[in-house]
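Notes to accompany the following structure.
The values are calculated or read from the model by the stated rules, or taken from the named source; none is laboratory data. All of these numbers come straight from a predicted model, not from anything done at the bench. Glycine gets a Cβ as well: all are built from the backbone with ideal geometry, and neighbour counts include every protein chain shown. Heads up: the accessible areas ignore ligands, DNA and RNA and are worked out on the full protein's heavy atoms, side chains in. Shrake-Rupley method; radii C 1.70, N 1.55, O 1.52, S 1.80 Å.
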Amino acid sequence: MELFEDFKINKQLHYAIEDLGFKKPTPIQSKSFPVIMSGRDVVGIAQTGTGKTFAYMLPILQNLKFSKQKHPRVLVMVPTRELVLQVEEEIGKFAKYLNLRVAAVYGGVNMNTHHLLVAQGCDIVVATPGRLYDLTLSRALRLKEIKQLVIDEVDVMLDLGFRFQLTNILEILPPQRQNIMFSATMTDDVDLFIQDFFKSPENISVAVSGTPLDNIDQVCYSVPNFYTKVNLLQYLLKDKQQFQKVLVFVPNKKSADLVFQLLEEKFNQDVAVIHSNKTQNYRIRSIESFNTGEVRVLVTSDVMSRGLDLNKITHVINFDTPLFPENYMHRIGRTGRAEEQGSSILLYTEKEQAYKEAIEKLMDYKIPKLALPEGVEISKELSPEEKPKHKEKDFTKHKKTEEERGAAFHEKKEKNQKENLGGSYRREIKKKYKKPKTRGSKK
Ligand code: AMP
């Protein structure tokens, strides 16, 4: 294990580390430091508690020279006001012996307070996307000097519907910058976002420490395709005695809807679904009926299940095999809690075999494989995603070269240019009325 001394950081940071009582870097810190220092774009998969804030702040603080300039050079975006305050506090501790100005801005506070704050000048801005965008629109804050951008908890941000604000902000940042992103889970939305804005990023991920594997029975099934997975799932769930409270993980909203629909045909009211396209009320109802035992099976995507307090899950079924092994750890960590014995079942196709092996490597444990039960029909039908001509992307391996990506990485795809038109429409309206106007509630 590396030591902080190996990082060759300045004295002031060493003193702060000593004061904080940190003995050695956490795995995400060891992995992130050299990559962030190199100036490359970075995609980090790590959750709160792994030391990820310091993982991105340490190299940033090491690089940031004293300056009296007014406009910030580092921008950290996080999804909530609480996180803004937490990150600001953490930076304060790390930068205790550095002469740095940090401005924290978030919604719900009078705009004038933030106008005055940023008018004093700052080196680092920590912000929620909405308030940051408003401050740049009113020209109180200039982002033209930003050299490093950190987006933390991207999965949550996209799930909260901040894509529009994020896109607008990224558009006005100088193109010559380093993008650093952290997310607890990798989702389709996050992947799409990375493809649009990041330049050949380096992927870094770490295992979730302390996942209690001992009281989780893990098994896996090799299954040829999507519909056979559905058949197996239906076969297993017939056993109500054993499968009392089941969380079924699927990779995205589309699969969530399809799997839910196919399960509902067999089990009616016994199944519920949650994903981010469902209304808040719908989600609350689904979770409540699952928690009270009214519903036995809950189909969910990775992001949705985070932060949910779901007790006494008897089985976690991984309908797909996550590309990032950490997502698997998050998923199975939902069962076998508090001394209860839990079970996890992983379904993988031939294409997903490599991901399964990555999970086994991370856990240092080979998941016992079971033969498909005789009663499970092998389907020949192909799901929309399995049909030929669809190219499956593996972003853990494939790194686009500059050429593949096009000359200017910030040049946008056609569909995103459409979004920008939306942005300019709102900007126009904002200019006219001095405050945001919406075209009616989406709900
Ligand atoms: P985070 O994942 O950034 O939310 O950090 C979780 C907690 O770990 C925070 O309270 C940090 O202060 C603490 N922490 C960060 N780095 C280290 C380290 N190298 N050793 C011990 N604790 C740390």
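Close contacts from the range 268-287, counting a first residue that is within 13 Å of Asp159 (Cα to Cα) and a second that is hydroxyl-bearing (Ser, Thr, Tyr) and surrounded by 22 or more Cβ atoms within 10 Å (Cβ to Cβ), with Cβ to Cβ under 9 Å and a gap of 6+ residues or different chains, come to Ile274/Ser286; Ile274/Thr300; Ile274/Ser301; His275/Thr300; His275/Ser301; Ser276/Ser301; Lys278/Ser286.
The set of residues from the range 154-169 being over 14 Å from Ile45 (Cα atoms) and open to solvent by 10 Å² or more (accessible area, probe 1.4 Å) comprises Leu158, Asp159, Leu160, Gly161, Phe162, Arg163, Phe164, Gln165.
The residue pairs whose first member lies in the range 1-18 and is over 17 Å from Ile36 (Cα atoms), whose second member is open to solvent by 10 Å² or more (accessible area, probe 1.4 Å) and assigned to a helix (DSSP H, G or I), and whose beta carbons are closer than 7 Å, counting only pairs six or more residues apart or on different chains, are Ala16/Lys93.
Considering (1) more than 24 Å from Val154 (Cβ to Cβ); (2) touching a Phe, Trp or Tyr at 6+ places or on another chain (Cβ under 7 Å), the lone condition that Gln261 does not fulfil carries the number (2). For the range 135-150, the set of residues classified as touching a residue at least 60 places away in the same chain (Cβ under 8 Å) and either open to solvent by less than 50 Å² (accessible area, probe 1.4 Å) or farther than 13 Å from His71 by Cα (or both) consists of Leu137, Leu141, Leu143, Ile146, Gln148, Leu149, Val150, listed by residue number.
On the stretch given as the range 121-134, residues that are farther than 27 Å from Gly161 by Cβ and either surrounded by fewer than 21 Cβ atoms within 10 Å (Cβ to Cβ) or within 16 Å of the ligand (Cβ to nearest atom) (or both) total 1.
Taking the stated definitions as given, is Lys278 among the charged types (D, E, K, R) and over 25 Å from the mean Cα position of the chain (by Cα)? Answer is no for this residue.
Scanning the range 71-87 for residues that are modelled with pLDDT under 95 and not aliphatic (A, V, I, L, M) yields Pro79, Thr80, Arg81, Glu82, Gln86. Could you list, in sequence order, the residues of the range 24-62 that are at pLDDT below 90 and over 30 Å from Val303 (Cα atoms)? If the condition is that a residue be at pLDDT below 90 and over 30 Å from Val303 (Cα atoms), then no residue fits. All told, Ala103 falls short of being touching a residue at least 24 places away in the same chain (Cβ under 8 Å), open to solvent by less than 60 Å² (accessible area, probe 1.4 Å) and in contact with a His (Cβ under 7 Å, 6 or more places away or on another chain). Whenever a residue of the range 47-61 is on the phi > 0 side of the Ramachandran plot, its partners that are crowded, with 22+ Cβ neighbours inside 10 Å and of a type outside the set (Val, Ile, Thr), lying with C-beta atoms within less than 9 angstrom and at least six residues away or across chains, give the pairs Gly51/Pro25; Gly51/Gln29.
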